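S.K.: Handing you a structure now.
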Amino acid sequence: MADNLKQGCILCQIVGNQIPSKKVYEDELVLAILDVNGANPGHCFILPKNHYPIIEQVPDMEIGRLFQVSNRVSSAIFESLGAQGTNIFVANGIPAGQIVAHFAINVIPRKENDGINLQWQPKQMSEEEISTIELKLNEQTKNIGHFEKEEKKPRIPTPKPVALSEDEEEYFSKQMRRLP
């Protein structure tokens with residue numbers, strides 16, 4: 001794991017326990033921490049433990065796990081903090097508001113009239129502009145569906161229960177009755 005951390009990255013330093021954080025979840029691939037300067041109390045970052053600057057560099061298997069954890073953290077926010085909603089989003093690149101070059105998913109607890117505004121003014125486009133964009137995107141997305149697969153781990157068969165003889169079953173029943 002340490003080989004996949006970028007030395008100057010503040011989020012990698014958090015992942016590597018070089019900078020303290022308020023962890024809310026951790027597994028082998030993912031770390032979820034509180035944003036100490038969050039938009040609302042309970043604002044969390046869901047981070048890959050490996051260093052990837054933007055979403056396009058995160059392997060499919062890891063992106064799936066990151067969003068699974070984001071979903072669970074969102075549920076925990078609803079249950080424990082009484083949120084009425086959550087915003088789950090990614091700032092992907094500097095023009096999108098990304099401040100640190102380490103991919104992260106934001107999960108922000110929301111309540112009515114909390115003062116956070118994520119609204120934008122719709123851009124009006126002509127039918128020609130929309131059609132041109134559609135053609136360009138269709139060309140670039142025609143191969144979507146070829147995703148990396150998670151390596152399947154060999155299944156270890158569970159042993160089947162062995163049938164007990166009548167004497168063994170009676171002995172077992174007697175022993176079970178002795179338990180408080």
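Bear in mind that the values in this text are calculations on the coordinates, not laboratory data. Just so you know, these numbers come straight off a predicted model, no measurement behind them. Every residue, glycine among them, receives a Cβ derived from its backbone with ideal geometry; neighbour counts consider all protein chains shown.
S.K.: Quick one: order Arg72, Arg65 by neighbouring beta-carbon count within 10 Å, fewest to most.
M.R.: Details: Arg72 14, Arg65 19.
Going from least to most buried by this count: Arg72, Arg65.
S.K.: Quick check on the exposure proxy: order Glu166, Glu134 from fewest to most C-beta atoms within 10 angstrom.
M.R.: Glu166, Glu134
S.K.: Still on this structure, I have one more. By average Cβ neighbour count within 10 Å, what is the ranking of 32-44, 118-130 from highest down?
M.R.: Averaged packing, sorted descending, gives the order 32-44, 118-130.
S.K.: How are the C-alpha pair distances of the stretch 2-110 spread across 5 Å bins, as whole percents from the shortest bin up?
M.R.: P(r) for the stretch 2-110, in whole percents per bin: 2, 13, 24, 26, 20, 11, 3, 0, 0.
S.K.: Here is a follow-up. Pop the C-beta distance of Glu56 and Asn113 into the FRET formula with R0 = 25 Å and round what comes out to the nearest 0.05. Don't skip to the answer; put the middle values down first.
M.R.: Details: r = 36 Å, r/R0 = 1.44.
According to the calculation, E is roughly 0.10.
S.K.: Take Leu31, Leu66, Leu135 and order them by how many other Cβ atoms sit within 10 Å, fewest up front.
M.R.: Taking fewest neighbouring Cβ atoms as first place, the list is Leu135, Leu31, Leu66.
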